[in-house]
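Remarks on the structure that follows.
The values are calculated or read from the model by the stated rules, or taken from the named source; none is laboratory data. Everything numeric in this text was worked out from a predicted model, so none of it was measured. Note that we place each Cβ from the backbone using ideal geometry, even for glycine, and neighbour counts take in every protein chain shown.
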Amino acid sequence: MPEDIFYVYIAELIYCLRIPGSIFITLYNTISMIVNKAIDLGQGKIISIETGKMAKQADGAVVVRLGDTMVIATVVSSKKTPPPNQDFFPLQVEYREKYSAAGKFPGGFFKRESRPSEKEILSARLIDRALRPLFPDGYLYETQIIVTVISSDQINDADVLGGLAASAAIMVSDIPFQNPMSEVRVGRINGFYIINPDINELLESDIDICIGGTNDTICMLEGEMKEISEAEMLEAIQFGHTAIKKLCALQSEIAAEVAKSQRPFTPMTIPAELTEVIRGLCETRLKELAYTPLAKEARADQTALIYREIIASTIEHFKSIFSSEEIAADPLKALCVNHHIIEEQIHAVEKRVMRHMILDDAKRLDGRALDQVRPISIELGIIPRAHGSALFTRGETQALVTITLGTKKDAQSVDTLTDSADKTFFLHYNFPPFSVGECGRLGSIGRREIGHGNLAERSIKMVAPSQEEFPYTIRIVSDILESNGSSSMASVCGGTLALMDGGVPIKKPVSGIAMGLIKEGDSYAVLSDILGNEDHLGDMDFKVSGTREGITACQMDIKIDGLDYHILETALEQARRGRLHILGEMEKAISSTRSELANFAPKLTTIKVPVDCIGMIIGKGGETIRSITEETGAEINIADDGTVTIACSTSEGTNAALATIKSLTAKPEVGTIYIGKVRDIRDELGAFVEFLPKTDGLVHISEISSTTRVTKVSDHLKIGEKVKVKLVDVRKDPRTGKTKFALSIKALDQEKPKESSTGN
């Protein structure tokens with residue numbers, strides 16, 4: 001019976017039998033296979049997971065809720081067999097925030113969500129990095145995970161809920177996936193750890209770290225901290241893992257209740273004779289190459305030559321054994337002459353050779369010790385027009401980092417479901433293809449660049465001065481010129497050096513280092529300052545940045561199961577020593593922030609004016625403030641509390657703008673001398689002089705000269721002429737109530753003023 005007709009019969013039955021609502025809901029849930037389970041993680045953090053109600057045509061779909069924040073995650077995996085030459089897992093993870101979830105309209109002209117924001121991209125990366133290694137080896141079917149925020153209470157962030165929802169959606173699907181993953185955020189307030197702190201709690205927290213893991217291991221870390229110790233970092237991870245285990249158990253319960261059978265999946269079987277032939281042909285050559293310290297390009301050239309020769313020899317070998325008819329008829333024999341499959345097997349030998357060289361002989365590809373950092377060179381101030389610059393080179397990784405200082409008008413507008421504050425500190429990371437010796441398309445910024453830039457930004461942000469201390473908008477740009485391992489950590493070091501070179505008063509210098517791991521069974525080796533090949537062929541990429549006092553940011557990705565806390569503790573301690581070594585090299589180049597800003601950086605001057613004077617400074621339609629900018633070259637920003645910030649690259653422009661603003665807001669004071677402009681002349685009465693903006697006073701004919709009797713004012717003064725006057729009296733006209741100002745030129749010859757002020 002079709003499903004829609006079945007539900008019609010059920011509805012009629014319920015109506016005829018007058019079934020009560022509660023029984024109807026139970027019956028409906030049973031028919032629909034709706035499963036809803038919740039868990040209390042403490043401190044009022046109740047998370048519920050529901051499946052079976054929404055998006056039922058997807059392979060798997062769940063809704064996860066915390067407070068009034070809800071996300072729906074769906075997963076669909078293609079059943080089409082991937083081509084035999086495919087060597088990657090085409091997993092696509094998308095995270096989207098709907099403005100309607102918070103009752104908001106999208107910004108922009110079209111009033112519709114468009115390309116993903118930086119926040120959405122970073123949240124998608126959190127999910128992707130944790131889930132990708134957990135799919136079974138050899139599963140290469142195209143898979144798409146879409147996480148959508150459908151409700152936001154604007155207090156609880158949905159990013160870690162998205163990771164939980166994505167894993168739960170896979171668990172209730174028929175996709176072969178045995179190991180549920182969960183994500184949580186850990187904060188700490190007054191020494192007490194919190195699971196999934198809301199945005200208000202994060203303001204008080206000295207830790208903000210997202211943790212992804214399974215029941216047995218941690219597979220992803222990403223976060224920022226206020227100079228915490230390695231021991232505190234480990235405590236936070238362990239605290240988060242406790243909650244992760246509970247969420248993983250909840251997913252397993254839901255999957256067992258849904259009880260959907262998994263689709264058949266058989267990884268590709270490689271003929272044993274193929275692996276033996278390839279091993280015999282290339283193992284010795286690859287081992288000799290691994291034990292020879294070479295530069296990146298030279299090693300790549302030698303490796304490519306070995307690959308080409310071994311592929312040709314392997315194909316020739318099997319074509320001499322099998323006939324073309326046998327190869328066409330037998331898929332396994334066809335694999336023996338498949339260019340792509342042979343290349344994969346050579347790569348497996350290369351990986352095994354390098355890993356055992358490190359584990360057995362404690363040797364690395366470039367000849368370094370396991371905990372040794374590559375040579376570092378630093379040059380400062382090499383970009384003359386930048387407001388600060390540094391060229392940081394570590395081994396074959398090089399970052400050219402510049403800073404630009406601006407005003408609040410240069411701040412980056414941010415509009416997310418939980419945040420709308422402008423950013424006044426940001427770091428942009430660029431990774432051009434020439435940095436790895438390749439040709440590539442230059443287009444929009446990729447997810448990797450956004451992720452690396454965000455990590456470097458969070459690392460340095462903790463030591464950046466506050467807006468009250470340094471009211472500039474700060475933009476750091478890191479252009480990677482060479483890359484062979486951890487360009488994001490080079491951006492941290494280069495960014496710190498550029499800030500110090502530019503005179504930005506950071507609290508402390510920050511450095512960063514990338515750690516690697518090789519693990520086989522119980523044997524393992526932790527590597528400091530990893531190379532690109534050690535990252536690619538290794539088991540971990542763990543980036544740690546911080547000051548001498550503690551950690552400010554971290555990011556970790558694990559490719560294996562079973563990372564225990566002893567290894568993590570070893571990696572953190574080794575990273576600390578490496579970080580301190582790099583800081584020492586940086587301090588040799590510049591020990592403290594320069595005392596003055598760069599020549600071409602705008603100089604900021606701040607004054608406070610009465611709030612009721614703001615309109616006078618701005619003028620009608622902004623006329624006055626625009627004229628000040630045009631005349632002085634200074635940029636002027638006025639806050640609602642009357643704080644006026646003047647930004648100008650020259651002291652002359654700053655002083656001119658400052659004088660004009662002071663004159664606009666000055667109050668007339670008897671005894672003060674002003675330089676005014678003659679606006680009108682009455683020959684028998686006197687001259688009207690504008691001595692303050694939009695404030696005129698009368699110089700009576702008798703107050704023009706102390707040496708000559710004036711009979712005609714125009715003989716002594718001209719309209720538009722600038723003249724020095726003294727305010728001698730202020731009084732109100734009893735008839736009109738207007739304030740009248742009496743000015744004198746003659747009085748200047750009779751006594752010295754109490755103080756002077758410049759007007760027009």
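What to note about this one:
- First in the stretch 530-545 and in the same structural domain as Ser459 (by TED's automatic domain parsing) and more than 16 Å from Arg364 (Cβ to Cβ), second anywhere and hydrophobic (A, V, I, L, M, F, W, C) and assigned to a helix (DSSP H, G or I), Cβ under 6 Å, 6 or more apart: Phe542/Ala571; Lys543/Met489; Val544/Ala575; Ser545/Val492
- Matching residues in the stretch 689-709 - criterion: being part of a strand (DSSP E or B) and among the small types (Gly, Ala, Ser): Gly697
- Annotation note: Cβ proximity below 7 Å between a residue of the stretch 420-437 that is at positive phi and of a type in the set (A, V, I, L, M, F, W, C) and a residue that is modelled with pLDDT under 85 and buried (at least 18 other Cβ atoms within 10 Å of the Cβ) (sequence gap 6+ or interchain) occurs for no pair.
- Residues in the stretch 580-591 that are part of a loop (DSSP other than H, G, I, E, B) and more than 21 Å from Ile383 (Cβ to Cβ): Ser591 only.
- Some residue of the stretch 91-105 being farther than 14 Å from Ile150 by Cα, crowded, with 22+ Cβ neighbours inside 10 Å, within 26 Å of the chain's Cα centre (by Cα) and at pLDDT 85 or above: yes
- Ser100 farther than 20 Å from Gly451 by Cβ, touching a Leu at 6+ places or on another chain (Cβ under 9 Å) and of a type in the set (Ser, Thr, Tyr): no
- Scanning the stretch 495-509 turns up at least one residue that is assigned to a loop (DSSP other than H, G, I, E, B) and either among the small types (Gly, Ala, Ser) or free of Cβ contacts under 8 Å to residues at least 24 places away in the same chain (or both).
- Looking only at residues of the stretch 520-541 that are touching a strand residue (DSSP E or B) at 6+ places or on another chain (Cβ under 7 Å) and charged (D, E, K, R), we find that the one that is surrounded by the fewest Cβ atoms within 10 Å (Cβ to Cβ) is Asp535.
- Test: residue in the stretch 81-88 that is of a type in the set (Val, Ile, Thr) and not in a loop (DSSP other than H, G, I, E, B): no
- Test: residue in the stretch 562-579 that is in a strand (DSSP E or B), of a type outside the set (Asp, Glu) and at pLDDT below 85: no
- Test for Lys620: is it farther than 21 Å from Asp410 by Cα, more than 30 Å from the chain's Cα centre (by Cα), exposed (fewer than 15 other Cβ atoms within 10 Å of the Cβ) and not acidic (Asp, Glu): yes
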